[in-house]
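Participant: Let me begin by handing over the structure; questions about it come next.
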Amino acid sequence: MGDLFRALINAVAVLAIPLVLVAFLGWGIIKKVKVYEVFVEGAKDGFATAVRIIPYLVAMLCAIGIFRASGAMDLLTTVLAPITNLIGMPPETLSMALMRPLSGSGSLGIMTELMKVHGPDSFIGVLASTMYGSSETTFYVLAVYFGSVQVKNTRHAVPAGLIADLFGMLGALFICRILFGA
Amino acid sequence: MLNYIWISLIAIGIFVAVGNDVRDEVQNTYRNGIPLEATFTVDRSATGQRTTWEGELVMSAGAFNEFYGIRTAASEVRQPAVISTLPSGESSIMLPIGTSTPDHWKEMAKTATSKDRLMGTVQSMQISADGRSSTVRILLEPIRFVKIKAVTQAALDYASTAVTIAIGLIGIMALWLGVMKVAEEAGLLIVVTRLLTPVTRRLFPDVPSDHPAVSAMIMNIAANMLGLSNAATPLGLKAMEELNKLNPKLGTATNAMVTFLAINTGGLILIPATAIAVRAAAGSANPGIIVGTSIFGAGCATVAGVVAAKLLQRLSYYRKELEITPSPEKEASRG
């Protein structure tokens, strides 16, 4: 069952882009759209959009880079350790949970490291990889998406995103404890 | 809120870096000025006028850990080393950083004069009877301000990383914006949208259900779920652009934008390909075991994010920020 599901999803993922391209452009031809001209017209915004993001991304990534390089993560892990012990979360995975919303490459590094030390099929290994798959890099997404439309006042986006991350990590811990035990 | 988080990241980062460096200085973490004793085994000697020896610096893990007051070295230290004797009689040692270098030395090399090696002076050298090994006392170059230097480097590196990421987006952005434009002109997006209207009307009540923003959001979420991040980002940015057309107050996020981003940061993905690949590379017996647990975790995140976005948008603090001119008459007319 699980394998069938995976095979199916993988097939869809491989076929999705070519199918969408053919379907969309083909439909355009049927509807007598001047596909080439319209495509170029739309595509010319690509450059402006990408460049518009740069200031937002520089601001966000520099702050995250400074925070990561300072070793503040270790300090935060120590401070929060009593809380994680209370909910049965291995202290090793705390830095994973804290890094996930900040940095994609950082959390990927922590996940790889945890698997190297504890083994990929250990509880910590499974939990760390589940955590990695349970959330997105919130601050990166916020910077890129809001940057593209020049939104500076993000209102409740940060709290909502962080609540999503918190529940993602707790959900990962909950399901891993039930299925794989601590 | 982003203001505070942003400045906190920077301020905490710099304070902690300074604090760590002060602690390193007080505890002399890097043993500046203290000579280290080790065995030097010669692989290749007598190049030229017998002034350079290439070989390995050997130290037991215990001795290494004791010297630095750490616990990280697990196996015997076998560090390639080159000792050269200057005509003045002074000898220097060079430790090139490689895979066999202990982590502590790798860390130190990051702030050393040259990043790919550690330099030091040889204080004494006693060659054994067979001439193959010797006991050396070496003094490595002083290592200071590790974290402050790392923080400076990170700020500069990440600034250019940001530009690299944005530039990398240009091509893929152009491709998807072009395709979406064709689909829009052909009226295809309305078809996509109509299918999911019952869902999208509840999630995004402020967005007309036949608006192009809806179809872009649907396609972004679909691409994210399939793990097609190359397609997802351009479609998501397209969605943001369309949502911004409905924005009464440019520069401020609308409720629909925040809800859409909450779904995005939840990161619901059917096959977490990166995590599976790392597990497989680490030698897992069953790399795909996390598919179900990840969907559960991401499901929790997405639902919590949407609920949080919907609840928070009711707070008067956040409602006020969206008002164009907070005038008393307007408040009154709203009842």
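FYI, it's all coordinate maths here, none of it is from the lab. It should be emphasised that the depicted structure is a prediction, and the values quoted were computed from it without experimental measurement. Glycine also receives a Cβ, built like all others from the backbone with ideal geometry; neighbour counts cover every protein chain displayed.
Participant: Name the residues whose placed amide hydrogens come within less than 5 Å of the amide hydrogen of B:S133, ignoring near sequence neighbours (fewer than 5 apart) on the same chain.
Facilitator: Long-range HN contacts for B:S133: B:V42, B:S128.
Participant: So who's got an amide H within less than 5 Å of the one on B:R117, skipping anything under 5 residues away but keeping other chains? H placed 1.01 Å off N, in plane.
Facilitator: B:I97
Participant: Order these peptides, A:147-154, B:106-113, B:193-200, B:9-16, by their mean beta-carbon neighbour count within 10 angstrom, highest first.
Facilitator: The peptides rank, most packed first, as A:147-154, B:9-16, B:106-113, B:193-200.
Participant: Using the Karplus curve 6.51 cos²θ - 1.76 cosθ + 1.60 with θ = phi - 60°, what ³J(HN,Hα) values do you get for each residue of the stretch A:43-58, in whole Hz, with x for Gly and Pro?
Facilitator: So the J values, rounded to whole Hz, are 5, 5, 6, x, 5, 4, 4, 4, 5, 4, 6, 3, x, 5, 5, 4.
Participant: Determine how many Å³ per residue the convex hull of the Cα atoms of the stretch B:187-334 encloses.
Facilitator: 132 Å³
Participant: Next question, about the same structure. Could you work out the per residue convex hull volume over the alpha carbons of the stretch B:59-105, in cubic angstrom?
Facilitator: Dividing the Cα hull volume of the stretch B:59-105 by its residues yields 81 Å³.
Participant: Based solely on C-alpha atoms, express the radius of gyration and the Dmax of the protein assembly as shown in angstrom.
Facilitator: 27.9, 99
Participant: In the neighborhood of B:Q313, defined by Cβ-to-Cβ distances under 12 Å, what is the net charge if each Lys or Arg adds +1 and each Asp or Glu adds -1?
Facilitator: +3
Participant: Any idea what the relative contact order of chain B is, in percent, if you count C-alpha pairs under 8 Å spaced at least 6 apart?
Facilitator: After rounding, I find 11 percent.
Participant: Here's a follow-up. Which whole-Hz ³J(HN,Hα) couplings does the stretch B:133-149 yield from phi under the Karplus relation 6.51 cos²θ - 1.76 cosθ + 1.60, θ = phi - 60°, glycine and proline marked x?
Facilitator: 9, 8, 9, 10, 10, 10, 10, 7, 4, x, 10, 9, 6, 4, 6, 5, 5
Participant: Among A:W27, B:C300, B:Q153, pick out the residue whose Cα is farthest towards the positive end of the charge dipole of the protein assembly as shown, where Lys and Arg carry +1 and Asp and Glu carry -1 on C-beta, about the Cα centre.
Facilitator: The residue sitting most towards the positive pole is A:W27.
Participant: Sort B:34-40, B:258-264 by the packing proxy (mean of other Cβ within 10 Å over each peptide's residues), most packed first.
Facilitator: Highest to lowest by the protection proxy: B:258-264, B:34-40.
Participant: Going by alpha carbons, how many degrees (0 to 90, nearest 10) lie between the helix axis of B:290-312 and the longest principal axis of chain B?
Facilitator: 50 degrees
Participant: Given +1 on the Cβ of Lys and Arg, -1 on the Cβ of Asp and Glu, and no further charges, what dipole in debye does the protein assembly as shown carry about its Cα centre, rounded to the nearest 20?
Facilitator: Charge dipole of the protein assembly as shown: 1100 debye, to the nearest 20.
Participant: Which whole-number percentage describes the relative contact order of chain A, with Cα contacts under 8 Å and a sequence gap of 6 or more?
Facilitator: 21 percent
Participant: May I pose another question? Take every Cα-Cα distance within the stretch B:45-194, group them into 5 Å bins from 0 onward, and report for each bin the whole-number percent of pairs it holds.
Facilitator: 2, 7, 12, 14, 13, 9, 7, 5, 5, 4, 4, 4, 4, 3, 2, 2, 1, 0
Participant: Spelling out what I want: for every residue of the stretch B:215-225, take phi, set θ = phi - 60°, compute 6.51 cos²θ - 1.76 cosθ + 1.60 (Karplus), and round to whole Hz; glycine and proline get x.
Facilitator: Rounded to whole hertz, the list is 5, 5, 5, 4, 5, 4, 5, 4, 5, 4, 5.
Participant: Oh, and also: Would you give the gap between the C-alpha center of the stretch A:114-182 and the C-alpha center of the stretch B:141-196, rounded to a whole Å?
Facilitator: Using only Cα atoms, the two centres lie 19 Å from each other.
Participant: Relative to the longest principal axis of chain A, what angle (0 to 90°, nearest 10) does the C-alpha long axis of helix A:123-133 take?
Facilitator: 30 degrees
Participant: Take every DSSP beta bridge with both residues inside the protein assembly as shown and express the antiparallel ones as a percent of the total, to the nearest 5.
Facilitator: 95 percent
Participant: I've got another one for you. Step through the table entries A:K31/B:K249; A:K32/A:K152; B:K238/B:K320; A:K44/A:K152; B:K238/B:K310, compare each Cα-Cα distance with 30 Å, and write down the pairs that go over it.
Facilitator: A:K31/B:K249; A:K32/A:K152
Participant: Post the alpha-carbon centroid distance, the stretch A:1-58 to the stretch B:216-284, in whole angstrom.
Facilitator: Using only Cα atoms, the two centres lie 14 Å from each other.
Participant: Cross-link partners among lysines for B:K149, C-alpha distance below 23 Å, same-chain residues fewer than 8 apart left out?
Facilitator: Within the straight-line cut-off, B:K149 pairs with B:K106, B:K110, B:K115.
Participant: Counting each pair of different Cα atoms once, what's the Kirkwood radius of the stretch A:1-43 in Å, rounded to one decimal?
Facilitator: Every distinct Cα pair counted, the radius reaches 12.2 Å.
Participant: Which aspartates and glutamates have a Cα less than 17 Å from the Cα of A:K116, not counting those fewer than 8 places away in the same chain?
Facilitator: A:E92, B:D103
Participant: Next question. Can you give the relative contact order of the stretch B:187-334 as a percent, counting alpha carbon pairs under 8 Å and 6+ residues apart?
Facilitator: With pairs under 8 Å counted, the relative contact order is 21 percent.
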